[in-house]
Structure formats: C-alpha cells, structure tokens
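K.L.:
If you scroll down you'll find the structure; I have some questions about it.
Computed from the coordinates by the stated procedures, all read-outs in this text should not be read as laboratory data. Nothing here was measured: the structure is a model prediction, and the numbers come from that model. Reconstructed Cβ throughout: ideal geometry from the backbone, glycine too, with neighbour counts over all protein chains shown.
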Amino acid sequence: VERAHAGVAPEVALASRCGPHLRAALQGTTAYQELLFPGGSMDAVLPVYQDAVVANFYNGVVLAAVEAVVAGLEDGRQLCVLEVGAGTGGTAAMVLPALQNACAQYLFTDVSEVFLLQAQQRFAEYA
C-alpha cells in the first residue's frame, strides 16, 4: 500500500502500529493514549495531522483563507485568531507563519493540557 500510495504513508504507519492493539484498547486493557502518544510524545501522530495528503489539503485551504484575510487587512489593523480544537498543531504550523505582523493574538485551544503544553513549546517563536 505504501509503495503504491506514498501519500498515505503516515496513516498506514499509525494504523500498523496501533491496529494490532485495537482490541485491547477497546476493552480498556491498553490505554489508547499510550498507543497514539507513546511516552506523551506527539511524534507518531504529527505526520497524520501535518504531512498526510488529506491534512495537507485541508490545512492548505485554511492557509489560503487566512492569506486572503491578511491581504485584505487595512493598514494598521491586526487579527485576533481563535483555533478551537488545535490538537497536534498541524494547522497552526501552516497558519502561524502567514500571520506574522498581522496577528495581535492567536489562541490555541484544546481539551488536552498535554497538547497545550507541547504547543507552547513548539510555537514559542510566535509568542
């Protein structure tokens, strides 16, 4: 599958790693969080939300919309941006560079404190 469809390699890698443990995760004998985020790391899922074909498409659509809004800003005006359910930061990684000098505040939200702490470190240069 990976050779024929290289664009789905991130999804295949995640499914190959997590799939054999699906039954245990559904039965509650294995923590699904540890399958998705081994040792609290987002490294296993970042490619799915940032590099995969579908993620690139939708993140690109969001980026195009943001660039259009930024281009239409009146001189001296800045945006306040709210990203709800930002998760691993795949969308923020594409959008934040386009918002430099055009954004007064970017609120990265998620229900998981782990995601928020990791985003704070990952996107510190934009603070």
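K.L.:
What is the spin-label model distance, in nm, from residue 116 to residue 41 if the labels are put 7 Å beyond Cα along the C-beta direction?
P.N.:
In this crude label model, residue 116 to residue 41 measures out at 2.5 nm.
K.L.:
To the nearest 10 degrees, how steep is helix 90-99 against the longest Cα principal axis of the chain, on a 0 to 90 scale?
P.N.:
10 degrees
K.L.:
Specify the angular offset, from 0 to 90 degrees and rounded to the nearest 10, of the alpha carbon long axis of helix 9-18 from the longest principal axis of the alpha carbons in the chain.
P.N.:
It works out to around 40 degrees.
K.L.:
Looking at the square roots a ≥ b ≥ c of the eigenvalues of the Cα gyration tensor of the range 54-114, which shape do they give, rounded for a/c under 1.5, prolate if a/b is larger than b/c, or oblate?
P.N.:
On the way: a/c = 2.79, a/b = 1.41, b/c = 1.98.
The shape class here is oblate.
K.L.:
How far is helix 113-122 tilted, in degrees, relative to the longest principal axis of the Cα atoms in the chain, given as a value from 0 to 90 rounded to the nearest 10?
P.N.:
60 degrees
K.L.:
Can you pull the semi-axes for the range 25-93, root of five times each eigenvalue of the Cα gyration tensor, sorted largest first, whole Å?
P.N.:
They are 34, 13, 9 Å, listed largest first.
K.L.:
Next question, about the same structure. Could you run the Karplus curve 6.51 cos²θ - 1.76 cosθ + 1.60 with θ = phi - 60° over the range 59-64 and give me ³J(HN,Hα) per residue in whole Hz, x for Gly and Pro?
P.N.:
5, x, 5, 4, 4, 4
K.L.:
A further question on this structure: Can you list residues from other chains, or at least 5 along the same chain, whose modelled amide H is less than 5 Å from the amide H of residue 106?
P.N.:
Result for residue 106 returns 81.
K.L.:
To continue, here is another question. Can you tell which of 113, 83, 11 shows the greatest fluctuation in a Gaussian network model of the chain with Cα springs below 10 Å?
P.N.:
For the chain, modelled as a Gaussian network with Cα springs under 10 Å, the answer is 113.
K.L.:
Hey, another quick one. Using alpha carbons only, how many angstrom separate the centre of the range 66-117 from the centre of the range 1-41?
P.N.:
What the calculation gives is 29 Å, centre to centre.
K.L.:
For the pair residue 62/residue 123, report the inter-label distance in nm, with labels modelled 7 Å from Cα in the Cβ direction.
P.N.:
So the two model labels end up 0.8 nm from each other.
K.L.:
Do the sum for the chain: with -39,500 (n - 2.57) for every DSSP H run of n ≥ 4, divided by all residues, what is the mean residue ellipticity at 222 nm, to the nearest 500 deg cm²/dmol? All intermediate terms of the calculation are to be shown ahead of the outcome.
P.N.:
On the way: 6 runs with 60 residues, N = 127.
About -14000 deg cm²/dmol.
K.L.:
Turning to a different aspect of this structure: Which values of log₁₀ I(q)/I(0), to two decimal places, follow from the Debye formula for the chain at q = 0.21 Å⁻¹ with a uniform point scatterer at every Cα?
P.N.:
Listed by q, the Debye log ratios stand at -1.24.
K.L.:
Given H placed on each backbone N at 1.01 Å, which residues far from residue 30 in sequence or on other chains put an amide H within less than 5 Å of it?
P.N.:
Counting only residues 5 or more places away or on other chains, the set is 25.
K.L.:
Relative contact order of the chain: what whole-number percent is it, with Cα pairs under 8 angstrom and at least 6 residues apart?
P.N.:
Details: 120 pairs, mean separation 25.9, N = 127.
It rounds to 20 percent for the chain.
K.L.:
Starting from the Cα-Cα distance between residue 21 and residue 71, subtract it from 0.36 nm times their residue separation and give me the gain in nm to one decimal.
P.N.:
Net length gain for the segment: 13.3 nm.
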